[in-house]
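The values are calculated or read from the model by the stated rules, or taken from the named source; none is laboratory data. On a predicted model such as this, the values are computed, not experimentally measured, just so you know. Neighbour counts are summed over all protein chains in view; Cβ atoms, including those assigned to glycine, are modelled from backbone coordinates with ideal geometry. Note: areas computed on protein heavy atoms with side chains; ligands, DNA, RNA excluded. Shrake-Rupley method; radii C 1.70, N 1.55, O 1.52, S 1.80 Å.
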Amino acid sequence: MAQDNQLHFEVHPSVVYQLGESLISNPIQALIELVKNSYDADASYAKVTIDTHGIANVDGEMFSPEGGRIMVEDNGVGMTLTDIKNGWLTISNRKKQELKRAKKTTPGGRTPLGDKGLGRLGVQRLGEKFELFTEGKDGSGYHFGFSWLAFETAPKLEGVDVHLRTLDCTGKKGTKIIVSGLKERDFWRGQGALKHLEQELSQVISPYREIRNFMVLVLVDGKKLELVDVSERIRNIAPVRYKINFDGAEITIEGRVRLDHFRPANAKEAEQFALIAESDNGDAFFDFLQSQLGAPAFNLRRAKSTPWFAEFSWTKSLANLDKVQRASNDDIANPGPFRGEVDSFDLSDMAFRGQSVFDKRQEYRQYVKDLSGIRVYRDGFAIKVDHDWLKLSAQWTSATSYYGLKPDNTIGYIALSARDNIELEETTDREGFKESPHYRNFLLLLQEFKTFTTRAHDFFGRSWIDFRKKRNEIAAQIDSRKTTEDLSKALTKGLAEAPQHRKKIDVFKARLTKGVSASKEVVECVQTTHELTPELRQKMADAMSELEPLLIDANKAIEQLSKYLDALSSLQGLGQVLEDRIDGLRRQMDYMYETVGLGLTAEALSHEVYNVADQLAVRAKSAQTRLRNKSTTERPILAFVEYVLSAVMALRKQMSFLSPALRHVREQRHSFDIADLFSELAEFYQTRLSRANIAIRVISDADSPLNIRINKGKLTQIIDNLVLNSEYWLKEDIAQERLKSGTITFEISRPFLRIWDDGCGVDPSVEHALFEPFVSSKKEGRGLGLFIIKQLLDSEGCSIGLVPERNSQKRLFKFQIDLRSVLNDDY
């Protein structure tokens, strides 16, 4: 059949109108899109005038100001007729994106912010009518406009009336956009609306001068809006500051902390802080910090400028990130260079009294609250993200032992650029980032920042507590090696002497009362007589003879009491030391409760798994018997039943290794050759590890067996934790193609057991505190595995450490367990 016409698609004009409604979420975002156009036009400023009363007239205007209007004018390069046709009248023309992809810039050296060619459609969220005055670089001037309502009634796009005329040139380049017939006039009216507008615009336009090279002036019905400006004077209130710099290969985090960050909120403790920390400008405290085991991980040093106390830093490469993502070409998805700064504020009353910027406490707290969060800006304009998009609150609890960043106390920014971070694309509605490997790696880098800050705050907070305890012990003249039991005995002994002194005082009090009574009697006689008789003389002599030894005894008693009171004074310091140690024990118990909870869960789970496995085995065996009795020839069904039975057997075998670690057999000790245990474990692990291309190797000397007596479940749990660590990092290295396969090695060398793998090794940032709780370089690690291993070995008198031997990447990698205390030479 002959065809007279070629079929093709057409777009009804109403679609354009609907797109504008859906692309932009709110009027403020639509206004910002117009301001961004001014930035892309190399303007140094954009002036926004909002006239809700419709009283502002413009010469040559196309539409009446009735219903209110919004005007945006700039001093940019202006537009030619070609720019108007391709930029405003061609929907989704991506000229700006092409410029960015080619790594080119505008004549003013800027990389355009817009890229989809759709932002102009959002203007219809503001009003019904649009017109534009422009004078371009070629000396030509134009005025064009249209009504958005025409898109609803015109049959075709080319049927929408667009009015265009030329203008006489004034020599003043720039563009003025006028939107008339405001849709939401009340949105821009009233004191509450103005305050809301100030806050919203302050969040969309960077309040940080250092990442803003473009000014925005906003007038609403003649009143100038005061957009928030975060000055250096305000930032200096914060006691902790971080700088983030990713150069495209490595992320470097630099931190600075003031001494008053450590000042306690309690008035009494603040007095002690002034005496032991501020009196020497923190010198003794800094020396203590540097002596701590975890200090090398922070590259700690004294600050070079006031008012900062100490500086610290940390660096990690993108390639070494845990779970780093790859792009479609199999290269690491690099988000591009970026930087940022983050300030952590203290909102306590004492911190408020120590600053001079804000007059009222509520004003200070409200300011921090309004700007709280780590915001993302691209060339000075905000990319909308959730208030706590880095999930700071997920790691924060109300417990006093938490020291990390808190979302409501933190103000900061991440500065991106359209040129360097082109792969970090925003969603069409400007409400965040598109999910991509580049964005996920961007998040990974910032998760590293979050992890580092938590570790740093925790290190500083706990070090201050330990320093205070040490100073209290020195003040109480107590040997730090004494146990809590020793201190308790000394306290009990000191207080036990009190009843003896009380008894002596009671006897002395009775003698004193008798002596005073006799003395009074003599004095009364002397006062009432005119003649000193021999009898009165004798009474006086007797009274004096009784008082003399009484005074001697009084001096002795006072001397003894003074010594005892001095001893009691020292006991006061002893009590403070005990209080500090009990507080430390309480915090350790908090750590262990989580672990105990996991153990109880594992115990309950193992019981249920045993029951499920038993029931599954019985039913599978029954099904197999029935199938055989029916002489079925369905091979897939028979194969499936066989698979279920073998899987149940494998599950039972796995659970058999968990069983010795459960509570009811924890204290049973067994004598065995560790080589035999490792043969079993190697077979057990190999079933799982071979699927990940990881092998197990056991090195032992048959002529020098290592026989030990220990709880087998406890040792199995220790080895299992170490193997899981190696498995995790080897899988990561294989996934990132740093290795093709991996090997975990067990070396038995009496009296030591050494375990290592051929992976990347221990991250230098955590090697000094690897066995402390909550220290981990895993993306989602709890940091408890190695801490638990150390505690389990300590309970047996054994120890674990890192051998001072480094691999090809100059990292520590080999664990050594000292088993001397559990050797069984009689085995």
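Only one of (1) out of contact with any Asp or Glu (no Cβ under 7 Å at 6 or more places or on another chain); (2) open to solvent by 40 Å² or more (accessible area, probe 1.4 Å) is not met by D733, so which one is it?
(2)
What number goes with the only condition from (1) hydroxyl-bearing (S, T, Y); (2) without any contact (Cβ under 8 Å) to a residue 40 or more places away in the chain; (3) closer than 30 Å to Y439 by Cα that S305 does not pass?
It is condition (3) that S305 fails.
Of the conditions (1) over 16 Å from F746 (Cβ atoms); (2) crowded, with 20+ Cβ neighbours inside 10 Å, R691 satisfies every one except a single condition; which number is it?
Looking at each condition in turn, R691 falls short on (2).
So, in the stretch 612-630, how many residues would count as being among the polar types (S, T, N, Q) and open to solvent by less than 90 Å² (accessible area, probe 1.4 Å)?
3
Can you confirm whether P239 is modelled with pLDDT of 90 or more, under 40 Å from the mean Cα position of the chain (by Cα) and buried (at least 17 other Cβ atoms within 10 Å of the Cβ)?
Against the criterion (modelled with pLDDT of 90 or more, under 40 Å from the mean Cα position of the chain (by Cα) and buried (at least 17 other Cβ atoms within 10 Å of the Cβ)), P239 qualifies.
Every residue in the stretch 687-708 that is modelled with pLDDT of 85 or more, under 43 Å from the mean Cα position of the chain (by Cα) and not hydrophobic (A, V, I, L, M, F, W, C), please.
The answer is S690, R691, N693, R697.
Restricting to the stretch 311-326, and then to whatever is over 20 Å from the mean Cα position of the chain (by Cα) and outside any helix (DSSP H, G or I), can you tell me which residue is farthest from G761 (Cα to Cα)?
It comes out as R326.
With the requirement that a residue be farther than 15 Å from F771 by Cβ and among the polar types (S, T, N, Q), what does the stretch 799-827 give you?
N807, S808, Q809, S821, N824
Any idea which of V766, V762, V723 is open to solvent by 10 Å² or more (accessible area, probe 1.4 Å) and either of a type outside the set (S, T, Y) or over 25 Å from the mean Cα position of the chain (by Cα) (or both)?
Of V766, V762, V723, the one residue that is open to solvent by 10 Å² or more (accessible area, probe 1.4 Å) and either of a type outside the set (S, T, Y) or over 25 Å from the mean Cα position of the chain (by Cα) (or both) is V762.
Just one of (1) modelled with pLDDT under 90; (2) open to solvent by 50 Å² or more (accessible area, probe 1.4 Å) trips up G117, so point out which.
The failed condition is (2).
For I234, only one of the following conditions fails: (1) over 15 Å from F312 (Cα atoms); (2) free of Cβ contacts under 8 Å to residues at least 12 places away in the same chain; (3) of a type outside the set (D, E). What is its number?
(2)
Could you go through the stretch 432-453 and let me know if any residue there is assigned to a loop (DSSP other than H, G, I, E, B), crowded, with 21+ Cβ neighbours inside 10 Å and out of contact with any Gly (no Cβ under 6 Å at 6 or more places or on another chain).
no
Quick one: G108 ticks every box in (1) in a helix (DSSP H, G or I); (2) modelled with pLDDT under 85 except a single one, so which number is it?
(1)
Quick one: would you say Q717 is crowded, with 17+ Cβ neighbours inside 10 Å, polar (S, T, N, Q) and closer than 23 Å to I332 by Cβ?
No.
Out of the residues in the stretch 261-303 meeting the condition of being under 21 Å from the mean Cα position of the chain (by Cα) and open to solvent by less than 80 Å² (accessible area, probe 1.4 Å), tell me which one is modelled with the lowest pLDDT.
So, considering only residues that are under 21 Å from the mean Cα position of the chain (by Cα) and open to solvent by less than 80 Å² (accessible area, probe 1.4 Å), the one modelled with the lowest pLDDT is G294.
Hey, does the stretch 310-318 have a residue that's in contact with an Asp or Glu (Cβ under 7 Å, 6 or more places away or on another chain), open to solvent by 40 Å² or more (accessible area, probe 1.4 Å) and among the charged types (D, E, K, R)?
no
Only one of (1) open to solvent by less than 30 Å² (accessible area, probe 1.4 Å); (2) free of Cβ contacts under 8 Å to residues at least 24 places away in the same chain is not met by S808, so which one is it?
Of everything listed in (1) open to solvent by less than 30 Å² (accessible area, probe 1.4 Å); (2) free of Cβ contacts under 8 Å to residues at least 24 places away in the same chain, S808 misses just condition (1).
Which condition number does I211 fail, the rest of (1) at pLDDT 85 or above; (2) farther than 25 Å from V357 by Cβ; (3) surrounded by 13 or more Cβ atoms within 10 Å (Cβ to Cβ) being met?
So the condition that I211 fails would be (2).
Could you list, in sequence order, the residues of the stretch 214-232 that are open to solvent by 40 Å² or more (accessible area, probe 1.4 Å) and within 21 Å of G373 (Cβ to Cβ)?
Listed by number, the residues that qualify are E226, L227, V228, D229, E232.
Could you grab me the full set of residues in the stretch 311-368 that are farther than 30 Å from G282 by Cα and of a type in the set (G, A, S)?
Scanning the stretch 311-368 gives S317, A319, A327, S328, A333, G336.
Scan the stretch 354-391 for residues that are under 29 Å from A267 (Cα atoms), outside any helix (DSSP H, G or I) and open to solvent by 10 Å² or more (accessible area, probe 1.4 Å) and jot them down.
Across the stretch 354-391, the qualifying residues are G354, Q355, S356, V357, F358, D359, K360.
Provide a single number: the residues in the stretch 628-683 that are under 42 Å from the mean Cα position of the chain (by Cα), among the aromatic types (F, W, Y) and modelled with pLDDT of 70 or more.
So the count comes out to 1.
Out of everything in the stretch 41-61 that is open to solvent by 20 Å² or more (accessible area, probe 1.4 Å) and in contact with a Leu (Cβ under 8 Å, 6 or more places away or on another chain), what residue ends up being nearest to P107 (Cα to Cα)?
My answer is Y45.
Hey, can you tell me all the residues within the stretch 426-473 that are closer than 30 Å to Q18 by Cβ and touching a residue at least 12 places away in the same chain (Cβ under 8 Å)?
Listed by number, the residues that qualify are E426, T428, D429, R430, E431, G432, F433, S436, Y439.
Of everything in the stretch 68-90, what is touching a residue at least 60 places away in the same chain (Cβ under 8 Å), open to solvent by 20 Å² or more (accessible area, probe 1.4 Å) and touching a Leu at 6+ places or on another chain (Cβ under 9 Å)? Give them in sequence order.
Listed by number, the residues that qualify are M79, L81.
Take the residues in the stretch 789-803 that are at pLDDT below 90 and open to solvent by 30 Å² or more (accessible area, probe 1.4 Å), then tell me which one is farthest from the chain's Cα centre (by Cα).
Per the criteria, the residue is G797.
Restricting the stretch 13-46 to residues that are of a type in the set (A, V, I, L, M, F, W, C) and not in a helix (DSSP H, G or I), which is farthest from G136 (Cα to Cα)?
It comes out as I24.
Failed condition for V58, given (1) at pLDDT 85 or above; (2) touching a Lys or Arg at 6+ places or on another chain (Cβ under 7 Å); (3) more than 30 Å from I211 (Cβ to Cβ), with all others met?
For V58, the exception is condition (2).
Given the structure, is R361 of a type outside the set (A, V, I, L, M), modelled with pLDDT of 90 or more and over 23 Å from Q203 (Cβ atoms)?
no
Return the residues of the stretch 156-182 that are of a type in the set (D, E, K, R) and either in contact with a Leu (Cβ under 6 Å, 6 or more places away or on another chain) or open to solvent by less than 70 Å² (accessible area, probe 1.4 Å) (or both); say none if nothing qualifies.
Within the stretch 156-182, just K176 meets the criteria.
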